[in-house]
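**Student:** Quick one: the structure is below, and I'll ask about it shortly.
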Amino acid sequence: MAGKPCINSLAVKTSHVLPPDTNNHGTLFGGKLMAYIDDVAAIAAVRHARKPVVTASTDSVDFLAPVKEGDSVCVEAFVTWTHNTSMEVFVKAVTEDLLTGDRKVCTTAFLTFVAVDDDGKPVSVSEAHPESAQEKQLHESAPERAAERKKRRGRSKEMAAAFGTAYPWNETE
């Protein structure tokens with residue numbers, strides 16, 4: 001499969017932060033921003049794979065600055081690295097005070113998506129080819145993040161097995 005430049009998957013969404021989008025502090029709900037992140041990252045993954053995708057993981061979402069009511073938030077995402085059927089997507093969100101023009105990176109995250117066929121089975125994806133210095137930096141450091149994800153997933157499976165589906169206070173021995 002021929003490789004594709006990372007930039008070809010770029011997806012961007014800008015939203016105006018209105019009162020229903022905010023919490024009691026007058027800032028954007030974190031969950032609302034996380035939904036924007038997943039949506040834009042999925043679009044980037046589909047653009048790269050040209051197949052349906054499913055979210056496999058979301059690495060830590062770091063909220064670096066508040067997004068205030070009246071601001072805009074611009075979420076940018078692109079595929080940084082691929083491995084067989086999976087794609088790592090880098091996401092950056094920038095908040096802008098529309099009255100002053102002050103802009104800040106408010107959030108960064110990495111998500112992993114898997115391309116699937118019509119039956120929901122994983123399918124191969126093309127390699128991602130970095131071109132810019134930032135793309136190369138993210139691409140080169142991606143295998144380390146993938147290894148950490150694999151470890152974290154193993155720990156999550158162990159925890160799920162240990163805790164099971166019953167609430168501990170409802171169990172009888």
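**Student:** Considering only residues that are farther than 16 Å from Gly31 by Cα and of a type in the set (A, V, I, L, M), look in the stretch 54-77 and name the one that is surrounded by the fewest Cβ atoms within 10 Å (Cβ to Cβ).
**Tutor:** Val54
**Student:** Right, Lys32: assigned to a strand (DSSP E or B) and either without any contact (Cβ under 8 Å) to a residue 24 or more places away in the chain or buried (at least 18 other Cβ atoms within 10 Å of the Cβ) (or both) or not?
**Tutor:** No, not satisfied.
**Student:** Next question, about the same structure. Taking the stretch 35-46, which residues are among the charged types (D, E, K, R) and either surrounded by 15 or more Cβ atoms within 10 Å (Cβ to Cβ) or assigned to a strand (DSSP E or B) (or both)?
**Tutor:** Across the stretch 35-46, the qualifying residue is only Asp38.
**Student:** From the list Thr80, Thr107, pick out the single residue that is under 27 Å from Ala147 (Cβ atoms), of a type outside the set (D, E, K, R), buried (at least 22 other Cβ atoms within 10 Å of the Cβ) and in contact with a His (Cβ under 6 Å, 6 or more places away or on another chain).
**Tutor:** Of the residues listed, the single one that is under 27 Å from Ala147 (Cβ atoms), of a type outside the set (D, E, K, R), buried (at least 22 other Cβ atoms within 10 Å of the Cβ) and in contact with a His (Cβ under 6 Å, 6 or more places away or on another chain) is Thr80.
**Student:** Looking only at the stretch 4-21, which residues are under 18 Å from Gln137 (Cβ atoms) and surrounded by fewer than 15 Cβ atoms within 10 Å (Cβ to Cβ)?
**Tutor:** Ile7
**Student:** Select from the stretch 105-129 the residues that are among the aliphatic types (A, V, I, L, M) and part of a loop (DSSP other than H, G, I, E, B) and write down the one among them that is farthest from the chain's Cα centre (by Cα).
**Tutor:** Ranking the qualifying residues of the stretch 105-129, first place goes to Val123.
Yes or no, residue by residue, for (1) assigned to a loop (DSSP other than H, G, I, E, B); (2) without any contact (Cβ under 8 Å) to a residue 60 or more places away in the chain; (3) of a type in the set (Asp, Glu):
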| position | (1), (2), (3) |
| --- | --- |
| Pro66 | yes, yes, no |
| Val73 | no, yes, no |
| Phe78 | no, no, no |
| Thr82 | no, yes, no |
| Glu88 | no, yes, yes |
| Val91 | no, yes, no |
| Gly101 | yes, yes, no |
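**Student:** Something else about it: Any residue in the stretch 23-46 that is in contact with a His (Cβ under 9 Å, 6 or more places away or on another chain) and either under 26 Å from Lys121 (Cβ atoms) or among the aromatic types (Phe, Trp, Tyr) (or both)?
**Tutor:** No, the stretch 23-46 has no match at all.
**Student:** Among the residues of the stretch 47-64, write down those that are within 17 Å of Ser9 (Cβ to Cβ) and either touching a His at 6+ places or on another chain (Cβ under 9 Å) or not in a loop (DSSP other than H, G, I, E, B) (or both).
**Tutor:** Selection gives Arg47, His48, Ala49, Val53, Val54, Thr55, Ala56.
Read-outs: derived from the displayed coordinates by stated rules, not from any lab. As the structure is a prediction and not an experimental result, all values here were calculated from the model. Quick reminder, even Gly has a Cβ in these numbers, built from the backbone with ideal geometry, and neighbours come from all protein chains shown.
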